[in-house]
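So the structure is just underneath, and the comments pick up after that.
The values are calculated or read from the model by the stated rules, or taken from the named source; none is laboratory data. What you see is a predicted model, and the numbers here were worked out from it, not measured in a lab. Neighbour counts run over all protein chains shown; Cβ positions are idealised from the backbone, glycine included.
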Amino acid sequence: MCCRVNNVHFPLYLIMVQDGHRWGQVVGFAFVKNETEPYIRRIFETLQQANPEATSKVQVVLTDKDFVEQQAVRSVFPCMSLHLCIFHVLRAFSRGISECNLTSAQRQNVCEIFEQLVYADTSTEFDTTVLQLQAYPSAANYFARCWDGCKEQWAWCFTKQSLTFGSRTNNIVKSQNQEIKMAQNGKTGFMASIQKLDKVFALQHDEQMQRNATAVCKSTYVYNSQLPY
């Protein structure tokens, strides 16, 4: 969600995909009156209706821990896997653990344990690491209440079987938001905002097509080299 890009203060909602070259591609955007589930669901319904074949091939949707957004995605795409951006996961856990009546050193230890959970390579490693939280009862209770039930969405040992091209954050969306904010601001008229977005996305698409073509056409030549091939 990108705010302050038009003078009517409607938030901008972006939907992006990652192509075969791992570039982010904008496939849809919408200005919404508010961020409630019916409005967000309508965005995904429109995307699905306009692109039934393409959306049927999407396997994973990556979001932050926005329950409204997740509910909307599940209602429209019930067969897709939901993953959480690990940057937001780690930040949200750190905020939540700050309310668990722990000392600064204890909070740091608990956050390090949780980070190990995020990157655990096997379910056995995950379960073993979870046991370390028992030394901090309030933290263990917070984890059980808020994170254990959705571990399949953020722990590497559970998400690594999904096709994600290695992406575990929504950095491509954040980067896109920054580019948009450089092109317009809260004083931009509503229709002018839409026109500017069309131009920005069209230009980005052309640049990405050029990069993709260049990558395909590249060849490696070794001239009088003593290094092994």
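If you take the residues in region 33-57 that are among the hydroxyl-bearing types (Ser, Thr, Tyr) and closer than 23 Å to THR164 by Cα, which one is farthest from the chain's Cα centre (by Cα)?
Per the criteria, the residue is SER56.
Could we say that LYS181 is surrounded by 13 or more Cβ atoms within 10 Å (Cβ to Cβ), modelled with pLDDT under 85, basic (Lys, Arg) and assigned by TED's automatic domain parsing to the domain that holds VAL26 here?
Criteria met by LYS181.
For region 54-68, indicate whether the set of residues that are at pLDDT below 90, within 26 Å of PRO137 (Cα to Cα) and touching a helix residue (DSSP H, G or I) at 6+ places or on another chain (Cβ under 6 Å) is non-empty.
Taking every residue of region 54-68 in turn, at least one turns out to be at pLDDT below 90, within 26 Å of PRO137 (Cα to Cα) and touching a helix residue (DSSP H, G or I) at 6+ places or on another chain (Cβ under 6 Å).
Report, ordered by the first and then the second residue, all pairs with beta carbons closer than 8 Å, sequence separation of six or more or different chains, a first member in region 154-183 that is in contact (Cβ under 8 Å) with a residue 12 or more places away in the chain and within 18 Å of LYS65 (Cβ to Cβ), and a second member that is surrounded by fewer than 16 Cβ atoms within 10 Å (Cβ to Cβ) and basic (Lys, Arg).
Hits for this filter: SER167/ARG22.
Could you check region 121-163 and list, in sequence order, the residues that are surrounded by 12 or more Cβ atoms within 10 Å (Cβ to Cβ) and among the basic types (Lys, Arg)?
Across region 121-163, the qualifying residues are LYS151, LYS160.
Name the single residue that is modelled with the highest pLDDT among those in region 2-29 being surrounded by fewer than 17 Cβ atoms within 10 Å (Cβ to Cβ) and out of contact with any helix residue (DSSP H, G or I) (no Cβ under 8 Å at 6 or more places or on another chain).
VAL17
Spot the failing condition for LYS33; the list is (1) farther than 22 Å from GLN153 by Cα; (2) not in a loop (DSSP other than H, G, I, E, B), and only one is missed.
Here LYS33 meets the rest and fails (2).
Considering only residues that are among the small types (Gly, Ala, Ser) and not in a strand (DSSP E or B), look in region 36-89 and name the one that is farthest from VAL8 (Cα to Cα). Give the steps one after another, and end with the answer.
Step one: of region 36-89, the residues among the small types (Gly, Ala, Ser) are 50, 54, 56, 72, 75, 81.
Okay, now just the ones that are also not in a strand (DSSP E or B), so 50, 54, 56, 72, 75.
Details: ALA50: 27, ALA54: 33, SER56: 34, ALA72: 25, SER75: 29 Å.
Here the residue is SER56.
Looking at CYS79 and the list (1) over 21 Å from PHE165 (Cα atoms); (2) loosely packed, with under 15 Cβ neighbours inside 10 Å, which single condition is not satisfied?
Condition not satisfied by CYS79: (1).
Scanning region 86-118 for residues that are of a type in the set (Asp, Glu) and more than 14 Å from ALA135 (Cα to Cα), which turns out surrounded by the fewest Cβ atoms within 10 Å (Cβ to Cβ)?
That would be GLU99.
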